[in-house]
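Scroll down for the structure; my scribbles are underneath it.
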Amino acid sequence: MKLHACLRRNGVVSITVGKDASAFVSAPFLNGNILFPTGPTDLARLTDSILLPVYTVRDGYWRYSTHIGSPLMSQNETADDVAKAYAAWIEPVVRKQPAHWRSWDLMEPGDTPS
């Protein structure tokens, strides 16, 4: 419950999208589907926190840029809605710089990104 306590104190928590989760939802992504964990959505809802998408890319030698999007959810949105919003936000970034995306293993079996 350290994450919950941190958010209750108005702290910041960073959660990397990956396969180390117990529940997932599927969202359209790169002409296929990708699995996104539901944990970040659940945690944000439980703590009444804002869920922001963040992505960092390398721009050159020791140069990076971090992109922060608009909040992904309101209290009425489901984990499916949030996954779709995140996929739609991140897809242009991945299309532009696919070598920076580290979550290819989240593509659903049989999907071929294009």
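Bear in mind these aren't lab numbers, they're just calculated from the coordinates by the rules spelled out. Since the model is a prediction, treat every value here as computed from it, not as a measurement. Because the Cβ atoms are built from the backbone with ideal geometry, glycine has one as well, and the counts that use them run over all protein chains shown.
Dipole orientation for the chain: of the candidates 107, 4, 64, 64 has the Cα lying most toward the positive pole (charges on Cβ; Lys, Arg +1; Asp, Glu -1). Loop by DSSP (not H, G, I, E, B), at most 16 other beta-carbon atoms within 10 Å: where is the longest site-free stretch of the chain for trypsin sites (Lys or Arg not before Pro)? The answer is 20-101. Expressed in Å, the radius of gyration and Dmax of the Cα atoms of the chain are 14.6, 43. Length gained on full extension, residue 23 to residue 102: 26.5 nm, using 0.36 nm per residue less the C-alpha separation. Note on the chain: dipole from Cβ charges, positive end direction compared against 35, 14, 78; the farthest Cα belongs to 14. The charge dipole of the chain, taken about its Cα centre with unit charges on the Cβ of Lys, Arg, Asp and Glu (plus for the first two, minus for the last two), comes to roughly 500 debye. Listed by chain and number, the lysines placed with their C-alpha closer than 30 angstrom to that of residue 96 are 19, 84; residues fewer than eight positions away on the same chain are left out.
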